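Here is the structure we will look at, set down as structure tokens.
None of the figures in this text is laboratory data; all of them are computed from the coordinates on show. Here the structure is a predicted model, which means the values were calculated and not measured. As a convention, Cβ positions derive from the backbone with ideal geometry for all residues, glycine included, and neighbour counts pool all protein chains shown.
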Amino acid sequence: MDKPKTYNSQEAEKKWQEYWEKEKLYKFIQPKQTKDIFSIDTPPPTLSGAMHIGHAFSYSQGDFIARYHRMLGKAVLYPFGTDDNGLPTERLVEKLKHVKGVKMDREAFVQLCSKTVAELTPSFVQPWKDMGISCDFNQSYSTIDKHSRYVSQYSFLDLYRKGRIYAEESPVAWCTTCRTAIAQAEFDNIDQSSTFNDIVFKVGSKDVTLSTTRPELLPACVALMMHPSHKQYKDLKGKFAKVPLFNYEVPVLADEKVDPTKGTGIVMCCTFGDKTDIEWWRKYKLPLRVLFDDHGNLNDLAVKYQGLPLKEARKQIIADLQEQHLLTHQKPIQHAVNVHERCGTEVEFLKKRQWYIRVLDMKEDLIVAADKITWTPEFMKHRYVHWVENLAWDWCISRQRFYGVPIPVWSCKKCNNVILPEEKDLPLDPLETKPKKACSCGSKEFIPEQDVLDTWATSSMTPQIVLGWPNNKEFSSSYPMNLRLQASEIIRTWSFYTIVKSLLHHKTIPWHHIVLSGLIMDPQGQKMAKSKGNVIDPVVLLQKFSADAIRYWAAGAKVGEDISFQEKEIVNGQKTVTKLWNAAQFVASHLTDKPSKKQKLELMDQWLLTKLQQLIQNCTESFDQYSFWTVKAAVDNFFWNIFCDYYLEIVKDRLYNPDKRGKEARASAQFTLHAALLTLLKLFAPIMPYITEELYMQLFLKEEKNKSIHVSAWPTVDQKLLAEETLVLGDRFVQILSEVRQFKSQQKVSLKAEVILTLEKKDYALLEPVFADLRATCQARDIKQGSFSVTLCV
RNA sequence: GAGCCGGUGGUCUAGCGGUUAUGAUGCGUCCCUUACAAGGACGGGGUCGAAGGUUCAAAUCCUUCCCGGCUCACCA
């Protein structure tokens, strides 16, 4: 068979990807003993966006670990999911299909979403396959599929019965763009320029000025607040102030939470401007003045501003205040604002009935759980703990959207009782089905719940979804899972919620380890963002570079560390791929007549093999600690410097000139080249799956009898090949070689130029057994004893 | 404001108690040597953010400070 002269990564990567898929190489097969499973809980990327560079990076890192464990002989449970439920998907469908969910029939919209998701999924997933991610794509799940809906609704019922879920009408964070309640974890913090407006309130005949950034909330004002020790306004306490423009009276109250140094030291309490307003509203049992609707448009409380959106109302109210000389001063400020992470809209608060999972009382357990999980890198645990400690709200799990997992409840029209479905009827949509029995009050009329669950309420169940909870009998022996892989930026959501659910359902942690990957920064160290225009598209990269090269780059970063994107590092990967190919072709050309019997080994071969055993040991230990960047550096260094730069040069003479050097000397080199190349390919295989597969199949398929390098055995240290006594000799050999090269370089002669080499007595004695190799490699016509020197032959 | 991570040749980076401080890239010089010129050999270049301290010994541990980044809080 004709072998190709050069390696075409484009063709080869496509070929092997198809081969792996056809052979179902990454299919999970349940082993006899669950201890032979290595299970990985992988993040389902959201269908609403394409693969970004962070995905390519972190999934690659996870894949190194998965492939390593597969080569150790574990049954690797490594599913692939897509997150295609909830708001992000709705927005995508709305954009693609030019529709508005709000304006459509709910059922028709949900159907359109499902249809669109099905259309999009294959091409969405393709880049992951192209990157060589070795998930079992035939067993992928989606967070909206039937099984996920089942698990998610089952979870709801379970937690409801455990008394963990409650519905309550209370102030909740609200997005006026998405028209839904949101949770604390969905807040983004931005710094915004705004204006401090000094507005005059009348208390009796006295003027009281306060500063606010939100004058549009004047009609929602329910009190003025001051610090108890406020000097200037001491006498105001207990009096009433008249709200300007709207002319109604509100009490002046004193509270410690007011910062007397901020603004004028007086602040208005509105229902609701922020969290503190909610606190005061509760504490002082203040009236509720709901000012705007779900879209953020003002209602009749706003009188002449009715119907205006909040922002517009602000402008007009400021104008009117100005006109009536009630606005005494304006000052530009920068302040922090919570926005909805999905759309950037400022978070508002509305009193609404929502469903919650009670989590505030379990902070301690949540922190204890974190200690039972091994965090890599360890410092990431702090972020989780910090988040838990700062939790301020229970987890709001209801969303006023359409495409998602329905909340599986009805309420009785007559007595308002909550009616739950039976487990065997899940998943269901309460809008489409009815309870099978009458309510305990006798009524047969029910109001179906309209809301769907927060996406995280479902994706926090990925371990259970993947392991077939609750009906899989093996579940408890496979749970907790071995490993969770994810990006560090979703600790407060995905890690946190998954741990919450696990503790509540199973009273244990969801996985033993969690490995967090860092962020990709641009070459200047700035966070990548579309708005900055510094985003790197991995699909474009894949057209330019091989997946192996991109993975090589991803392997260079310590797990959990943010790294800046360096295209040069990918180029290095590309070079390494080419170098592997060339070195392998060279080795292969000398193996056609490799004796099958093991040979007596030359000293330099023993030296190489000993170093190789050390490398195996080092790589195995590193991989066991998820330290793939150490593996990459070690194998890379061995391959380039020891194997190619030195060893291949050392054995050329023996390989090319068996007549002069002897058949045995050649055979010894053949044995060593064979062993070293095979081992290096295997050590590189988790990081660069394509080139290693290509070369393995080309050169080692027959003898190894595996379907692929990726299901071949990870190398182990062969004690018989360890000859540590040769290390001093071999290391000195390459030092001398290096000095000879340096001499020739300084003399500006070809490396082929012949020299006379004079060695110190000690070196002479040490290296005498390998003089034949030394003479050939250095092109030394003669080796003498004396003070060290290299002389050019004329 | 709090917490966390980092600051190593021009650039990127390994090392995290004892190494002539790793490698890459760029730069300079040379070499078409039967795997590789999208290559190879060789070289100049850093004292490890700053200042103190611990130690026989510190880039590596401690303290303080400076700089960059991230997370959380602040949202009148």
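Could you point to the residue in A:Ile536, A:Leu504, A:Val515 farthest towards the positive end of the range A:499-547's charge dipole, with +1 and -1 charges on the Cβ of Lys/Arg and Asp/Glu respectively? Going by the Cα projections, it comes out as A:Leu504. Over 28 Å apart at the Cα level, from the set A:Lys129/A:Lys527; A:Lys231/A:Lys283; A:Lys27/A:Lys434; A:Lys530/A:Lys575, are A:Lys27/A:Lys434; A:Lys530/A:Lys575. Annotation: amide H-H contacts under 5 Å for A:Ala487 (H modelled 1.01 Å from N, sequence separation of 5 or more, or interchain): A:Ser517. Ranked by how many other Cβ atoms sit within 10 Å of their own Cβ, fewest first, the residues A:Val359, A:Val76 fall in the order A:Val359, A:Val76.
Placing pseudo-labels 7 Å out from each Cα toward the beta carbon at A:Lys663 and A:Lys702 gives an inter-label distance of 1.9 nm. Placing a pseudo-label 7 Å from each Cα along the Cα-to-Cβ vector at A:Ala438 and A:Lys544 gives an inter-label distance of 7.2 nm.
Axis angle, to the nearest 10 degrees, between helix A:689-699 and the longest C-alpha principal axis of chain A: 30 degrees.
Under 5 Å between amide hydrogens, built in the peptide plane, is the criterion, and for A:Trp511 it picks out A:Met481 among residues at least 5 positions away or on other chains. Rg and Dmax of chain A, based on Cα coordinates, read 34.7, 116 Å.
In terms of overall dimensions, the range A:705-776 has a Cα radius of gyration and Dmax of 18.4, 53 angstrom. What the Cα convex hull of the range A:90-239 gives, in volume per residue, is 273 Å³. Scanning chain A for cysteines with no neighbouring cysteine C-beta under 4.7 angstrom from their C-beta gives A:Cys113, A:Cys135, A:Cys221, A:Cys269, A:Cys270, A:Cys343, A:Cys396, A:Cys619, A:Cys644, A:Cys778, A:Cys793. Compared with the dominant Cα axis of chain A, that is its longest principal axis, helix A:628-637 is turned about 30°.
The lysines within cross-link reach of A:Lys285, meaning a Cα-to-Cα straight distance under 24 Å and a gap of 8 or more places when in the same chain, are A:Lys202, A:Lys234, A:Lys237, A:Lys239, A:Lys242, A:Lys257, A:Lys275, A:Lys351, A:Lys352. Compute the FRET efficiency between A:Lys97 and A:Val290 as 1/(1 + (r/R0)^6), taking r as their Cβ-Cβ distance and R0 = 30 Å, and round to the nearest 0.05. Rounded to the nearest 0.05, the efficiency is 0.30. With a cut-off of 20 Å on the backbone N, the residues of the range A:693-711 near the modelled label site 7 Å out from A:Glu474 along Cα-Cβ are A:711. The 3J(HN,Hα) values that the Karplus relation (6.51, -1.76, 1.60; θ = phi - 60°) gives for the range A:303-314 are, in residue order, 6, 6, 9, 3, x, 7, x, 3, 4, 5, 4, 4 Hz. Gly and Pro appear as x. For the range A:243-253, backbone phi angles converted through the Karplus equation (6.51, -1.76, 1.60; θ = phi - 60°) give residue-by-residue couplings of 6, x, 6, 9, 6, 10, 9, 10, x, 9, 10 Hz, Gly and Pro being listed as x. Please name which of A:Phe623, A:Leu680, A:Ala665 has its Cα lying farthest along the dipole of the range A:561-681 towards the positive end, using unit charges on Cβ (Lys, Arg +1; Asp, Glu -1) and the Cα centre as origin. Positive-end residue among those listed: A:Ala665. Label zone of A:Glu11 (point 7 Å out along Cα→Cβ, amide N under 16 Å): in the range A:680-705 this covers A:691, A:694-695, A:698.
Taking the average, over residues, of other Cβ atoms within 10 Å as the packing measure, peptides A:260-266, A:442-448 rank A:260-266, A:442-448 from highest down. Label sites at A:Val368 and A:Lys748, each approximated as a point 7 angstrom past Cα along Cα to Cβ, lie 7.8 nm apart. Residues whose amide H comes within less than 5 Å of that of A:Ser411, counting only those at least five positions distant or on another chain, are A:Ile419, A:Ile447, A:Glu449 (H built at 1.01 Å from N in the peptide plane).
Pairs from the table (A:Lys304/A:Lys331; A:Lys660/A:Lys761; A:Lys103/A:Lys436; A:Lys568/A:Lys702) lying more than 29 angstrom apart at Cα are A:Lys103/A:Lys436; A:Lys568/A:Lys702. Share of pairwise Cα-Cα distances greater than 23 Å in the range A:372-522 is 50 percent (whole percent). Note on the range A:622-758: Cα-Cα pairs beyond 27 Å make up 34% of the total pair count.
Any idea what the dipole of chain A comes to, in debye rounded to 20, about its Cα centre with Lys/Arg Cβ at +1 and Asp/Glu Cβ at -1? Around 500 debye, computed over chain A. Residues within the reach of a label modelled at A:Gln614 (point 7 angstrom out along Cα to beta-carbon, backbone nitrogen below 18 Å), restricted to the range A:724-753, are A:724-738. Relative to the current alpha-carbon distance between A:Ala713 and A:Glu725, full extension at 0.36 nm per residue lengthens the span by 1.5 nm. Taking all Cα-Cα distances within the range A:572-692, those exceeding 21 Å account for 38%. FRET efficiency for the A:Gln126 to A:Lys594 pair, using the beta carbon distance and R₀ = 41 Å, is estimated at 0.50.
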